[in-house]
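The values are calculated or read from the model by the stated rules, or taken from the named source; none is laboratory data. Please read these numbers as outputs of a predicted model, since none were measured by experiment. For neighbour counting, all protein chains shown are included, and Cβ atoms are generated from backbone atoms with ideal geometry for every residue, glycine included.
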Amino acid sequence: MKKLEGKLKESLLRLEAGLVSNLKLVWIYEMEDFMKKIQLNNTNLQTSQICLGTSNYGTSFPEMKALRQLDKFCEMGGNFIDSAHVYGDWIPGETGRSEKIIGKWLNETGFRNKVIIATKGGHPNLESMNIHRVHPSYLEEDLEGSLENLKTNYIDIYFLHRDDLSIHVATIIDYLEEKVRQGKIRYYGCSNWSLSRIIEAQNYAEENLYKGFVCNQIMGCLEDVNREYLMSRQMVALDKEFKRYHNETKMNLMSYMTISGGYFSKRIDGKRLSQDMIDMYDNSSNDKILEELRNMCRDGKYNINDFCFKYVTKQKFPSIAIASFSNDEQLEQGMKCCELEIDSELINSISKYKKLQGKI
């Protein structure tokens, strides 16, 4: 308590000195230190267990709501924000909507050195998904665009959103290392890469005394994902081989779509599922998992999302849950999961039905 009081006094002094102009934002700035953090291996980054997903910023989630949510996320101790150069581009007109909103927020709050920003480049243009964009010339275009959108001169973790098997890993890694030397990115990672390509890239990095990929961002949710759907969308999920690799190397993992759009919650509540959600998740494994979740949540001690988040964060390697939230209630519920304890055996009694990944 004394440490907390000391922080508040420091905040008030900074406010009086005119170093900041908003008491609430001062308090958010200091409260970041009081939330449990995860040390990402092979980096000096300590992140919140939940990373705020922003794919809907500027489209289904308007700018003002997004700015307030960023405040709220940090107020509750979050410090990790994920975006991508392509986020929001599915709506015609302006590009880079998500990154631009984050950039506006960073500029208005002055929080750049208190949050960890991850963004992604190298995604195909949405109107030509069959044309790869992972060559350094495309990556340069995306990276410079992201820096401008985010109103920053560096990105903490820069992810390659997709892969291009026609380009040798040496060409890609050498480009990323150049950007590290230039100070434009601190670390780099991959998203939706195959395990064999990650191993190839990591071997090249090791041979050249590079740090290599520090993080793998793929789909690692509690739901069993239909493999055919993943292949059709050029997405990759955490399967048993990936899990074995992460357990052996302790490479950091970020799981996107952690709560899968509320698939299990919607089924329990009898809500209509979109065809996309049906194609992605409807299978016998998820039917069994759903029944176990009904039993586990019946007494009100836990809710479904508690298990969704903990399935990701209780892995035997550093694992961060990326999640988007539609309102403050969802955000608060998600952040409370960080402090919640659920025994691994309880989670395994549910996840044992997963064919793709299995137990934690």
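Quick check on this structure: which one of Leu150, Leu143 is in contact with a Leu (Cβ under 8 Å, 6 or more places away or on another chain), surrounded by 15 or more Cβ atoms within 10 Å (Cβ to Cβ) and not polar (S, T, N, Q)?
The conditions single out Leu150.
On the basis of being under 19 Å from Asn41 (Cα atoms), out of contact with any Leu (no Cβ under 7 Å at 6 or more places or on another chain) and either among the β-branched types (Val, Ile, Thr) or in a loop (DSSP other than H, G, I, E, B) (or both), does Leu209 make the cut?
Criteria met by Leu209.
Residues being under 15 Å from Gly261 (Cα atoms) and surrounded by 20 or more Cβ atoms within 10 Å (Cβ to Cβ): count how many of those fall in the stretch 307-351.
Count: 10.
Considering only the stretch 293-302, state which residues are surrounded by fewer than 17 Cβ atoms within 10 Å (Cβ to Cβ) and either farther than 26 Å from Glu339 by Cβ or touching a residue at least 12 places away in the same chain (Cβ under 8 Å) (or both).
Arg294, the sole residue that qualifies.
Looking at the stretch 142-153, I want the residues that are hydrophobic (A, V, I, L, M, F, W, C) and have a partner that is in a helix (DSSP H, G or I) and modelled with pLDDT of 95 or more with Cβ atoms under 6 Å, at least 6 apart or on another chain. Which pairs are those?
Leu150/Glu99; Leu150/Ile102; Leu150/Gly103
Would you check if there is a residue in the stretch 145-163 being in a helix (DSSP H, G or I) and of a type in the set (Lys, Arg)?
no
Can you name the residue in the stretch 312-345 that is assigned to a helix (DSSP H, G or I), over 14 Å from Phe73 (Cβ atoms) and polar (S, T, N, Q) and is also modelled with the lowest pLDDT among such residues?
Of everything passing the filter in the stretch 312-345, Ser344 is modelled with the lowest pLDDT.
Can Ile322 be described as touching a strand residue (DSSP E or B) at 6+ places or on another chain (Cβ under 6 Å), touching a residue at least 12 places away in the same chain (Cβ under 8 Å) and within 20 Å of Lys37 (Cβ to Cβ)?
yes
Sort out for me the helices (runs of 4 or more DSSP H) sitting completely within the stretch 233-281 that have 1 or more residues that are touching a Gly at 6+ places or on another chain (Cβ under 9 Å) and touching a residue at least 12 places away in the same chain (Cβ under 8 Å).
240-249, 275-281
Given the criteria touching a strand residue (DSSP E or B) at 6+ places or on another chain (Cβ under 7 Å) and assigned to a helix (DSSP H, G or I), does Phe309 qualify?
So Phe309 passes the test.
Just to be sure I understand the filter: pairs with C-beta atoms under 6 Å, separated by 6 or more residues or on different chains, first member in the stretch 190-206 and assigned to a loop (DSSP other than H, G, I, E, B), second member buried (at least 16 other Cβ atoms within 10 Å of the Cβ) and of a type in the set (D, E, K, R). Which pairs pass?
Asn192/Arg162; Trp193/Asp163
Within the stretch 181-198, can you find the residues that are buried (at least 16 other Cβ atoms within 10 Å of the Cβ) and either β-branched (Val, Ile, Thr) or more than 11 Å from Phe213 (Cβ to Cβ) (or both)?
The answer is Lys184, Ile185, Arg186, Asn192, Leu195, Ile198.
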